[in-house]
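Below you'll find the structure, written out as structure tokens, and then a few comments.
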Amino acid sequence: MSKRLPARERILRVALRELVKRGHEAASTNAIAAAAGVAKGLVFHYFGTKDGLYLAVHDAQLERLQAAVVGADADAPLPTDLFERLHALAVRKLRAFQDDPLAYQFLVAAAADPPPSLRAALARRRDALAGDGWRRILDGIDTSRLRPGLDLAAAVETVTILSDGLERRVFPRLAALPDRGASQLAAITAELWAHFARLRDGLYGDAPVQSTTGPGQP
């Protein structure tokens, strides 16, 4: 690893690989320090404990993912339609995980099987970042097509349940492919849109024409 990177960043990058490979309990701070080219004491200087290092890796990966999905540097303006926007965000998330499979593996493990000593701290971090993310996601959404009596918060709750289930179904398929799903992106985004479209037609008051591919797709 290039020593041009600041020592703290080198430690975080090496720690990500070590934690994905070995898990929290078996991860070695000696190995992390050696691979980062720093003294072991510097690891503890920056992060205090192995738990502190794990949380720092988690925060860095979660923040990087959120920046790629809803950050100011994301690749295009988001649609104002709720379902088109959520579909666009799902595609961005797929691409982000394809670009950084280690981050994907780490975040999935941290959510599904967190270290017992860090379960509460990780949940608080995810909830805090998710709250900020949802505020950005919902900014500027057009609610005029929602059924009478259905507010945006209720619609989002329903869509979130669907989205979470789709992620648990789709992301492991991507991770198992040699190209991490790059060759399947068009098919997967079409599949996601089909689910969103069916739910959209139940939540909207009108009856839009069904699309089998999604907005902006061939």
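General observations
- Pair-distance profile P(r), taking every C-alpha pair of segment 8-65, with 10 angstrom steps and integer %: 26, 62, 12
- Residues in segment 145-204 average 52 Å² of solvent-accessible surface per residue, probe 1.4 Å, ligands and nucleic acids excluded.
- Partners of Lys40 within straight-line reach, counting aspartates and glutamates whose Cα lies under 20 Å from its Cα and excluding those fewer than 8 residues away in the same chain: Glu9, Glu18, Glu25, Asp51.
- Probe 1.4 Å - accessible area at Tyr46, Å² to nearest ten: 90
- Our coupling estimate for segment 8-17, obtained by passing each phi through the Karplus curve with A = 6.51, B = -1.76, C = 1.60 and θ = phi - 60°, is 4, 5, 4, 4, 4, 5, 5, 4, 4, 4 Hz, Gly and Pro reported as x.
- Solvent-accessible surface (1.4 Å probe) assigned to Arg147 amounts to roughly 100 Å².
- Ranked from largest, the principal axis spans of the Cα set of the chain equal 63, 36, 30 Å.
- Here each label is just a point 7 Å from Cα along the line to Cβ, and for Ala186 and Thr158 those points are 3.2 nm apart.
- 12 Å beta-carbon shell around Phe47, net charge (K/R +1, D/E -1): +1
- Crossing angle, helix 82-99 versus the chain [Cα axis fit, 0-90 degrees, rounded to tens]: 30
- Helical contribution to [θ] at 222 nm, DSSP H n ≥ 4, -39,500 (n - 2.57), averaged over the chain, rounded to 500: -23000 deg cm²/dmol
The values are calculated or read from the model by the stated rules, or taken from the named source; none is laboratory data. Keep in mind that what you see is a predicted model, and the values were worked out from it rather than measured. Virtual Cβ from ideal backbone geometry, glycine too; neighbours counted across all protein chains shown. Side chains are part of the model used for accessible areas, which takes the heavy atoms of the whole protein and leaves out ligands, DNA and RNA. Shrake-Rupley method; radii C 1.70, N 1.55, O 1.52, S 1.80 Å.
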